[in-house]
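**Student:** Got a structure for you, written out below as structure tokens; questions coming shortly.
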Amino acid sequence: MLKPTGRLFPRSISRSLFSPTKSFLKKFNEMIFHGYELEGKIIGVAALQLLNEHSGNIRFVYVLPEHQRKGIGTSLVTHIEAEARRFGLKYLVIPYVDINANWAINFYMKLGYKVVEKHEKPWGYDLFFKKAL
């Protein structure tokens, strides 16, 4: 059976999983990771990053290729939206979506997210999406 799980990486062990810069580690520790489990294996993941009392980011939405297009990504995002509402957040942002990632752009737009910013980078642009809760 498919089901969203709770926290995927407890904050106490996240330091041992990665050795990034301190600023990335700080941001990573601000996120609440959720996994999607099938038969005891994590097949999808997404994170909620709380920014302030009104807003948060959805980060690192990923589903293993062999499990894509089965509603798992949608389930993860809607699960995070529900959690964000429980925290009292008013809106969520999905930052840094590459302009060439048409599948991701279509996915987020289907879920009601709108493009609110476009950031230039050396090889193109990143889009930022936003949705009111």
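The numbers here are math on the coordinates, done by the rules we state, and not lab data. Computed from a predicted model, the values in this text were never measured in an experiment. Cβ sites come from the backbone with ideal geometry, for glycine too, and all protein chains shown count toward neighbours.
**Student:** Relative to the present Cα-Cα distance, how much length would full extension add between HIS119 and GLN68 at 0.36 nm per residue of separation?
**Tutor:** Values: separation 51, 0.36 × 51 = 18.36 nm, distance 2.76 nm.
Using 0.36 nm per residue and subtracting the Cα-Cα distance, I get 15.6 nm.
**Student:** Under a crude label model (7 Å from the Cα following the beta-carbon direction), how far is LEU38 from ARG86 in nanometres?
**Tutor:** 2.5
**Student:** Taking the Cα atoms of the range 62-133, what is the range of coordinates along each of the three principal axes, in descending order and whole Å?
**Tutor:** Between the extreme Cα coordinates on each principal axis of the range 62-133 lie 38, 33, 16 Å.
**Student:** Scan around ASP98 for amide H atoms under 5 Å from its own, H built in the peptide plane at 1.01 Å from N, and keep only partners 5 or more places away or cross-chain.
**Tutor:** Under 5 Å from the amide H of ASP98 lie the amide H atoms of LEU127, each far enough along the sequence or on another chain.
**Student:** To continue, here is another question. Once you place label points 7 Å from the Cα toward the Cβ at ASN106 and LEU50, how far apart are they in nm?
**Tutor:** Computed distance between label sites ASN106 and LEU50 equals 3.6 nm.
**Student:** Could you give the size of the charge dipole of the range 35-74 about its Cα centre, using +1 on the Cβ of each K and R and -1 on the Cβ of each D and E, expressed in debye and rounded to the nearest 20? It would help to have the intermediate numbers written out before the result.
**Tutor:** Working: 4 positive and 4 negative charges, 28 e Å.
Roughly 140 debye for the range 35-74.
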